[in-house]
1. From B:Asp361, B:Asp376, B:Asp372, B:Asp366, grab the single residue that is within 21 Å of B:Gln522 (Cα to Cα) and at pLDDT below 95.
2. Of B:Arg345, B:Arg251, which residue is within 18 Å of B:Trp226 (Cβ to Cβ), modelled with pLDDT of 95 or more and open to solvent by 40 Å² or more (accessible area, probe 1.4 Å)?
3. Inside segment A:1-12, can you point out the residues that are within 10 Å of chain B (Cβ to nearest Cβ) and open to solvent by 20 Å² or more (accessible area, probe 1.4 Å)?
4. Could you pull out every one of the strands (runs of 3 or more DSSP E) wholly within segment B:39-142 that has 2 or more residues that are open to solvent by less than 10 Å² (accessible area, probe 1.4 Å)?
5. Being closer than 21 Å to B:Arg205 by Cα and crowded, with 23+ Cβ neighbours inside 10 Å is the filter here; which residues of segment B:227-239 pass it?
6. Taking the condition of being over 15 Å from the mean Cα position of the chain (by Cα), buried (at least 24 other Cβ atoms within 10 Å of the Cβ) and of a type in the set (Gly, Ala, Ser), how many residues in segment B:393-449 meet it?
7. Just name the residue that is farthest from the other protein chains (Cβ to nearest Cβ) out of those in segment A:33-55 that are surrounded by fewer than 19 Cβ atoms within 10 Å (Cβ to Cβ) and hydrophobic (A, V, I, L, M, F, W, C).
8. Given the criteria touching a residue at least 12 places away in the same chain (Cβ under 8 Å), not aromatic (Phe, Trp, Tyr) and not in a loop (DSSP other than H, G, I, E, B), does B:Arg225 qualify?
Amino acid sequence: MMKILTFALVLRRMSALTNVFMLCQRLGGTMTYISAADGRANIVVSAPQRSAHRFAPQLRRIMDVLELIELHAAGVNGSVRASDAEPVRCRA
Amino acid sequence: MADRSGSQVVVDALVQAGVDLAFGYPGGAVLPLYDVLLGSGVRHILTRHEQSAIHAADGYARSSGRLGVCIATSGPGATNLVTGICTAMMDSTPVLCITGQVPSRLIGTDAFQETDVSGVVTGITKQSWLVRNVDELPQVMAEAIFIATSGRPGPVLVDIPKDVLVASTGKTSVQTTSLPGYDPMPDFDGNELDRAHRLLKASKRPVCIVGGGCGMSGATERFRRWCAATQVPVATTLMGIGCAGPDYAGRLGMPGMHGLRRANLAISDCDLIIAMGIRFDDRVTGHLERFAPDARIIHIDIDAAEISKIVPANVAINGDLDAVLLEWMLLLESDPVEPFGRWQREAMAVGDGLETASAADSGTIDFTELLDSLFDMIGSAPIVATDVGQHQMWTAQRVRPDHPRKFVCSGGLGTMGFGLPSAIGAQFANPNEKVLAVVGDGGFQMTLAELATVRRCNLPLRILVMDNKYLGLVRQWQEMFFDQRYSAVDMSDNPDFARLAGVYGLGAFTLSDPNEVNSTLQKWWHCDGPALLHCICPTQQNVFPMVPAGAGLGDMVESK
């Protein structure tokens, strides 16, 4: 099972994209879309369901990632920040 | 201030950060830096291999909490650091690697000894830099030192082309205490701590698992007070050994694959795990579905990426452990918990599982008994460094250090060859402490050239070589899981390590008679100068208890 993850990133240096690519690949993800310019990047990753929860926190750990917002589909009219979404980490 | 060369900027930054020692190995691209090191405030220790230099810097950092520094040249010098960098990354050790690089104009031409080392180590450092302009160097050095030592520590690498080391800059050394987007000391959520406290109060059978984060946070004393107040049984991971005081009645010992029976069974049976500064390594958890099946999880860690990475947390506290425990102690004072002494006694009564583990033939030296005798003799004060393998697990099961910085070994990466050079680093960091290196015959031979460093610096190290003429842990797996088909593990042609040590100028002892264990240990431990004890052990002794790969912690095998 794959899960589509969408991230908006602010980067201190564009070279940090290399780290972003490497990490996504290491976690088993496939980059399906990227647009980046002037210290900003939007990426879409197809991630294995079992490791999808690891992407955002580990991407945030990259030193030159200044800001990372995980976008979740919220109907046709917009999106919500990851922090507002239902946490994926809690178990009953 | 007059213009400074790039090399002088590097040394200035080290001195400003309080660094007075670096390990390394020179070469062409880094010669300008070595020239400036002469007569500087930074003493340089020449190792016999770059890998040993970084392991020594690592051992220095682990045993002291200070920044470890190593220097290497470009190309092979830099790539020889890679295993050590990954070792430091896996165990969160603050190590600064400085590498020379070919001159800027040659970068990208496949020049002699050119390697893109900052690219190579991207995935195994907190951050790496290739500095192309000398004016950037003061800021990069400051950032590198800050990043390595702050938050969850880790290795960093600064790669400096030779012309940048030579070029002059008017920029002076700076100190960095903050970086955009980097929050090394996150403010934890007090509400989560309240929830954790309520879970602890409601628990009947809590177990604390404490890891390397406790010692790194400087939380050891506060953690021990928390233990005394709650009497929660404590399991210490390989990186957390020494966190619970050696006399704490609820010291369960190491959990996991070669963990003690009481630690593994307490975790399997508990209703609450309080995880402090651990990352739930697979060697600790065993089969995840069977890990603490009835337990709720409180996870405290400074690194948000660790929380719920492996085991989902019911309560997640993202913060510095010392700060969290400070608040938790205040809570305990205002709203005490009923101490868990009864449960602690029940958990401890299960026993360690080591009593049935000995499998040595009569007339041979049982290395586990030798370790018991040794630790009875030397107590909790010495620093103990190990290599990787059976001897490491036997030591981890038995060692009783009085502080987490007194047990040094490669946990996450399991790097053979780490033992001797890391002990060298620990000895430099703690010149007035007794330092013991316990090594196996396999790992020792990966870095034994450092006996020359031991002799040259006259380090009063004690080196214990467990020689069972096998790659013992691999042989054990082949015995247990591959129908005793022993492939590429035989080391029956090992040299006489005592003679070898003698050639290097160390004191040397050999032990093969079980009747001479105590007398030989005494002579070796109390002699002057560095000394090696070559202990000839039975070939077939296995490490128990053992949780087979894929099994749950409760499914331990305790003997052959």
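The values are calculated or read from the model by the stated rules, or taken from the named source; none is laboratory data. Owing to the predicted nature of the structure, the values given are computational and were not obtained by experimental measurement. Glycine gets a Cβ as well: all are built from the backbone with ideal geometry, and neighbour counts include every protein chain shown. For accessibility, only protein heavy atoms count, side chains too; no ligands or nucleic acids. Shrake-Rupley method; radii C 1.70, N 1.55, O 1.52, S 1.80 Å.
1. Working: B:Asp361 fails: within 21 Å of B:Gln522 (Cα to Cα); B:Asp376 fails: at pLDDT below 95; B:Asp372 fails: at pLDDT below 95.
Only one candidate passes the filter, namely B:Asp366.
2. Numbers: B:Arg345 fails: within 18 Å of B:Trp226 (Cβ to Cβ).
Residue meeting the stated conditions: B:Arg251.
3. Within segment A:1-12, A:Val10, A:Arg12 qualify.
4. Working: elements: B:43-46, B:68-72, B:95-101, B:127-130.
Hits in segment B:39-142: B:68-72, B:95-101.
5. Initial filter on segment B:227-239 (closer than 21 Å to B:Arg205 by Cα): B:227-237.
If the condition is that a residue be closer than 21 Å to B:Arg205 by Cα and crowded, with 23+ Cβ neighbours inside 10 Å, then B:Thr230, B:Val232, B:Pro233, B:Val234, B:Ala235, B:Thr236, B:Thr237 are the ones that fit.
6. So the count comes out to 3.
7. Here the residue is A:Val44.
8. Working: touching a residue at least 12 places away in the same chain (Cβ under 8 Å): yes; not aromatic (Phe, Trp, Tyr): yes; not in a loop (DSSP other than H, G, I, E, B): yes.
Spelling it out, B:Arg225 is indeed touching a residue at least 12 places away in the same chain (Cβ under 8 Å), not aromatic (Phe, Trp, Tyr) and not in a loop (DSSP other than H, G, I, E, B).
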